[in-house]
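Quick notes on the structure that follows.
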Amino acid sequence: MTQESGRPADVLIVEDDRLMRTLMGEILARAGIRAAEAGDADSAMRMLGEGPGPRVLVTDPGMSGGAPFAGAAQRRWPGLRVVMTSGSWAEAEPLPTAFRLLPKPFRPSVFLREVGALLPPRPEA
């Protein structure tokens, strides 16, 4: 999976809300983190199958197919780390322990910290 630049993406953002998806992509881009974006689980699964995959998946469990998609993606690509962003995820519906939950709304700095913590450190230039 690559971005428009042809370089592999570090993060795949899967969010059905276009404005939210764009905002998350811009936050990561400003920090120098390469991200690809998908508007639904089916598109994201196709993207994940296209070459080198991302290290982190960011998705909304409330999106149609969101939580099942994230689980299926992590089973197929066991090294994939998952951040779930949601403004309505019920505590009665526990997420797998391997997933991080980031409640919406969130500050850009918190989003960046959560995603960045799952990426390997960058080599010193």
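Among the criteria (1) over 19 Å from GLU15 (Cα atoms); (2) at pLDDT below 90, the one GLY65 does not fulfil is (1).
For the range 37-60, how many residues meet the condition of being open to solvent by 10 Å² or more (accessible area, probe 1.4 Å) and under 11 Å from the mean Cα position of the chain (by Cα)? Spell out the reasoning first.
Filtering the range 37-60 for residues open to solvent by 10 Å² or more (accessible area, probe 1.4 Å) gives 37, 39-43, 45-47, 49-55, 60.
Retained after the next criterion (residues that are under 11 Å from the mean Cα position of the chain (by Cα)): 37, 54-55, 60.
Looking only at that region, the number is 4.
Of everything listed in (1) modelled with pLDDT of 95 or more; (2) loosely packed, with under 15 Cβ neighbours inside 10 Å; (3) not β-branched (Val, Ile, Thr), the single unmet condition for ARG21 is (2).
Restricting the range 87-121 to residues that are of a type in the set (A, V, I, L, M) and modelled with pLDDT of 90 or more leaves a set whose member that is surrounded by the most Cβ atoms within 10 Å (Cβ to Cβ) is VAL115. Every condition in (1) touching a strand residue (DSSP E or B) at 6+ places or on another chain (Cβ under 7 Å); (2) farther than 14 Å from PHE99 by Cα; (3) in contact (Cβ under 8 Å) with a residue 40 or more places away in the chain is met by GLU50 except one, and the failing one is (1).
The values are calculated or read from the model by the stated rules, or taken from the named source; none is laboratory data. Everything numeric in this text was worked out from a predicted model, so none of it was measured. Cβ sites come from the backbone with ideal geometry, for glycine too, and all protein chains shown count toward neighbours. Keep in mind that these areas ignore ligands, DNA and RNA; they rest on the heavy atoms of the full protein, side chains included. Shrake-Rupley method; radii C 1.70, N 1.55, O 1.52, S 1.80 Å.
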